[in-house]
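To start, the structure itself, in structure tokens.
The values are calculated or read from the model by the stated rules, or taken from the named source; none is laboratory data. Computed from a predicted structure; not experimentally measured. So basically every Cβ, Gly included, is an ideal-geometry build from the backbone, and we count neighbours across all protein chains shown.
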Amino acid sequence: MALNAHRLQQVLAAIGGRGDDAIPMMMRLCRVCPELLPVDGAGVSVITESVPLRVAASDSLASAVEDLQTTTHEGPCFDAMAKAGPVVVRDLTDREWSERWPRFTDGALELEARALVRLPAPRRR
């Protein structure tokens with residue numbers, strides 16, 4: 001499912017439609033992603049001093065995966081930041097990932113994460 005203009009409007013409406021101003025927008029975004037997109041969970045991290053810091057997650061698994069990148073200093077967040085482009089992991093059990101991120105991959109598989117997509121924010125000009 002492509003994120004076309006109609007789907008984007010649905011996501012934005014869902015974020016704004018939650019009505020709880022105490023919940024930060026990023027948390028609302030993470031919570032609606034599994035409802036509206038073909039994903040099981042979502043997380044948002046920011047990079048501070050080259051280390052990702054979780055700011056929101058849809059659930060405990062997404063939160064743990066975000067935190068795992070911080071503790072291992074490995075994972076798709078670092079690659080997406082380095083190449084300023086998306087990182088798509090279709091199957092975390094593929095050997096490529098355990099060779100690339102051994103500590104992160106072991107931990108993510110223990111958490112039962114299997115597929116990941118990391119989309120970096122556009123760089124400011």
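Could you identify the single residue in Leu61, Leu92 that is among the aliphatic types (A, V, I, L, M) and either part of a helix (DSSP H, G or I) or touching a Cys at 6+ places or on another chain (Cβ under 9 Å) (or both)?
Details: Leu92 fails: either part of a helix (DSSP H, G or I) or touching a Cys at 6+ places or on another chain (Cβ under 9 Å) (or both).
Just one listed residue meets the conditions, Leu61.
Taking segment 94-110, which residues are exposed (fewer than 14 other Cβ atoms within 10 Å of the Cβ) and touching a residue at least 24 places away in the same chain (Cβ under 8 Å)?
Matches in segment 94-110: Pro102 only.
Let's see how each residue does on (1) modelled with pLDDT of 80 or more; (2) part of a helix (DSSP H, G or I); (3) closer than 21 Å to Thr70 by Cβ; (4) among the acidic types (Asp, Glu):
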position	(1), (2), (3), (4)
Gln9	no, yes, no, no
Ile15	no, yes, no, no
Gly19	no, no, no, no
Arg28	yes, yes, no, no
Glu35	yes, yes, no, yes
Val44	yes, no, yes, no
Leu53	yes, no, yes, no
